[in-house]
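Novice: Take this structure, written in structure tokens, and hold onto it; I'll ask about it next.
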Amino acid sequence: MAAALLVPVAWGAPRFDTTSPVAWAGALLVLAGTVVVLAGFAALGRALTPFPRPRDDATLREGGIYGWMRHPIYGGIVAAGLGWALAWQSWAGVLAAAILFLFFDRKSAFEERLLRERFPEYASYAQRVRKLLPGIY
């Protein structure tokens, strides 16, 4: 995540170009990604954990932001990372965001194996709701 934050600044435009539609689109993507991350935090509440295994007292979240995507915190971080790269107009930053996407895709695949073991209804939830990008992936 640090690379996705630092690379665009180091290998991007020397400043935010207020005349660039790409930079503004990136800024909006940073904002949208941040909102998604915060919605994921709020929906999990006390069930939030940095570890892949769900807490013992956790319940499967299927509503709210979790009705749009199974891993909104990861998806929001990736969106914000890509937006940051676009805001700085940095191809190296886009590459860092792609690596971040691959990391969270693999991490979420591992977590989903644990979630399927814990929650029998997870399989049907996973068929209805996309993983990281609403309606896409």
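Novice: I'd like to verify a number: residues in the range 1-28 that are within 13 Å of Leu86 (Cβ to Cβ), exposed (fewer than 13 other Cβ atoms within 10 Å of the Cβ) and of a type in the set (D, E, K, R), how many?
Specialist: 0
Novice: Name every residue in the range 29-53 that is touching an Asp or Glu at 6+ places or on another chain (Cβ under 8 Å), farther than 15 Å from Tyr74 by Cβ and open to solvent by less than 90 Å² (accessible area, probe 1.4 Å), in order of residue number.
Specialist: Ala47
Novice: For Leu114, indicate whether it is in contact (Cβ under 8 Å) with a residue 24 or more places away in the chain, surrounded by fewer than 21 Cβ atoms within 10 Å (Cβ to Cβ) and of a type in the set (A, V, I, L, M, F, W, C).
Specialist: Considered against the rule, which asks whether it is in contact (Cβ under 8 Å) with a residue 24 or more places away in the chain, surrounded by fewer than 21 Cβ atoms within 10 Å (Cβ to Cβ) and of a type in the set (A, V, I, L, M, F, W, C), Leu114 comes out as yes.
Novice: When you look at Arg128, is it on the phi < 0 side of the Ramachandran plot, without any contact (Cβ under 8 Å) to a residue 40 or more places away in the chain and open to solvent by 20 Å² or more (accessible area, probe 1.4 Å), yes or no? Even if it seems obvious, please write down each step before you answer.
Specialist: Values: on the phi < 0 side of the Ramachandran plot: yes; without any contact (Cβ under 8 Å) to a residue 40 or more places away in the chain: yes; open to solvent by 20 Å² or more (accessible area, probe 1.4 Å): yes.
Yes.
Novice: Do the conditions hold for Tyr137, that is, is it of a type in the set (Ser, Thr, Tyr), within 15 Å of the chain's Cα centre (by Cα) and either under 21 Å from Val9 (Cβ atoms) or part of a helix (DSSP H, G or I) (or both)?
Specialist: On the way: of a type in the set (Ser, Thr, Tyr): yes; within 15 Å of the chain's Cα centre (by Cα): yes; either under 21 Å from Val9 (Cβ atoms) or part of a helix (DSSP H, G or I) (or both): no.
Answer is no for this residue.
Novice: Can you pull out every residue in the range 7-32 that is part of a helix (DSSP H, G or I) and of a type in the set (Phe, Trp, Tyr)? Can you show your working first?
Specialist: Narrowing the range 7-32 to residues part of a helix (DSSP H, G or I): 7-10, 21-32.
Within the range 7-32, Trp24 is the sole residue that qualifies.
Novice: Which residues, counting only those in the range 67-110, are surrounded by fewer than 18 Cβ atoms within 10 Å (Cβ to Cβ) and under 19 Å from Leu44 (Cα atoms)?
Specialist: Listed by number, the residues that qualify are Gly67, Trp68, Lys107, Ala109, Phe110.
Novice: From the list Arg106, Arg130, which residue is in a helix (DSSP H, G or I) and of a type in the set (Lys, Arg)?
Specialist: Details: Arg130 fails: in a helix (DSSP H, G or I).
After ruling out the rest, the residue left standing is Arg106.
The values are calculated or read from the model by the stated rules, or taken from the named source; none is laboratory data. Predicted model, so just to flag it, every value in this text is computed and none were measured. Virtual Cβ from ideal backbone geometry, glycine too; neighbours counted across all protein chains shown. Ligands, DNA and RNA are excluded from the accessible area calculation, which covers all protein heavy atoms including side chains. Shrake-Rupley method; radii C 1.70, N 1.55, O 1.52, S 1.80 Å.
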